[in-house]
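Input: a single structure, listed below in structure tokens.
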Amino acid sequence: MLNTLRSAWIWFSIALLVLLWMPVMAVTRLFDRDPVHYATGRMFRRLGAAMTRVNPAWKIRIEGTYPADPRNPYVVVSNHQSNADIPLVSRLPWEMKWVGKAELFRLPIVGWFMRVSDDIPVDRDSQRSRATVLIRAMEVLRQRCSVMFFPEGTRSRDGLLLPFNDGAFRLAVKAQVPILPLALDGTTDALPKGGWRFGPPSDIRLAVLEPIPTEGLTVADVPALRDRVVALIAEQLAAWRGVPVAAVLAGSDAGSMPTVSAASSDAARRG
């Protein structure tokens, strides 16, 4: 009963924030002359950050070094545990255009925010849509704005790290911009899938890991680059949980995942 009341109050607070933010977003977009509407997108992320602050049960810790120049573009990649990840990552103090499922852009309110912010829709069942995403993302990077991916492609139901798709890494290599890995943990039960009630009190962690340069890499280096990023995120999750790296990897990846040093050496040999 207490959790039901708490969840209802949090959703009421979020709804109020959304109502307050909509006119602010509209005015910001009206005067935002940046080609990628950087200020508009940044205002949307501030809404996400505000949403994380109305839930007193979320104890959020963010660590790592932020990019010195917010207009120095990165391809940002993160593991994905629940819908709570989106407002959590929005607390990072720079703008990035999110690559999200096309159906989200068709939702009445969320979709409007995403469209106004120039986020990038993708239909995962359409090869043409995936190609369009890379073209659009390249243009965003050229305009000195980062792009954000969840390369697992879906939320992990049990917090284990799922295999990563190649798209974000191909983009980074083609654009010759660094990969910026993020590791997050603790959101699996914070906002359970399929329900409206928030989970029990959660210790949530987000780490900004060291960027990985892609200068000189080619498409042939994409698998090694991808594996290196997966290894970095897996090692951070394992350190937080106090378990071996294999214990945070889903399925067969646990037996085949290279170490960070091995993946780095492979990329170096091929670069």
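Residue count for region 1-20, restricted to those that are farther than 17 Å from Asn55 by Cβ and either charged (D, E, K, R) or part of a helix (DSSP H, G or I) (or both): 2.
The sole residue among Leu171, Leu182, Leu217, Leu191 that is modelled with pLDDT of 95 or more, more than 18 Å from Met96 (Cβ to Cβ) and buried (at least 19 other Cβ atoms within 10 Å of the Cβ) is Leu217. Within region 130-148, residues that are closer than 13 Å to Val75 by Cα reach partners that are assigned to a helix (DSSP H, G or I) and of a type in the set (A, V, I, L, M) with beta carbons closer than 6 Å, at six or more positions or on different chains, in the pairs Leu134/Leu171; Ala137/Leu171; Met138/Ala175; Leu141/Ala175; Val147/Ala137; Val147/Val140.
Kindly indicate whether any position in region 139-151 is surrounded by fewer than 22 Cβ atoms within 10 Å (Cβ to Cβ), charged (D, E, K, R), over 21 Å from Ala15 (Cα atoms) and modelled with pLDDT under 95. Within region 139-151, none of the residues are surrounded by fewer than 22 Cβ atoms within 10 Å (Cβ to Cβ), charged (D, E, K, R), over 21 Å from Ala15 (Cα atoms) and modelled with pLDDT under 95. Counting only helices (runs of 4 or more DSSP H) that sit wholly inside region 22-131, those with at least 3 residues that are surrounded by 21 or more Cβ atoms within 10 Å (Cβ to Cβ) are 38-53, 85-89.
In summary, Gly216 fulfils each of the numbered conditions (1) touching a helix residue (DSSP H, G or I) at 6+ places or on another chain (Cβ under 9 Å); (2) under 28 Å from Val140 (Cβ atoms) with the single exception of condition (1). Number of residues in region 223-271 that are farther than 27 Å from Arg157 by Cβ and either among the aromatic types (Phe, Trp, Tyr) or modelled with pLDDT of 50 or more (or both) equals 1.
The values are calculated or read from the model by the stated rules, or taken from the named source; none is laboratory data. Keep in mind the model is a prediction, meaning the values are calculated, not measured. Note that we place each Cβ from the backbone using ideal geometry, even for glycine, and neighbour counts take in every protein chain shown.
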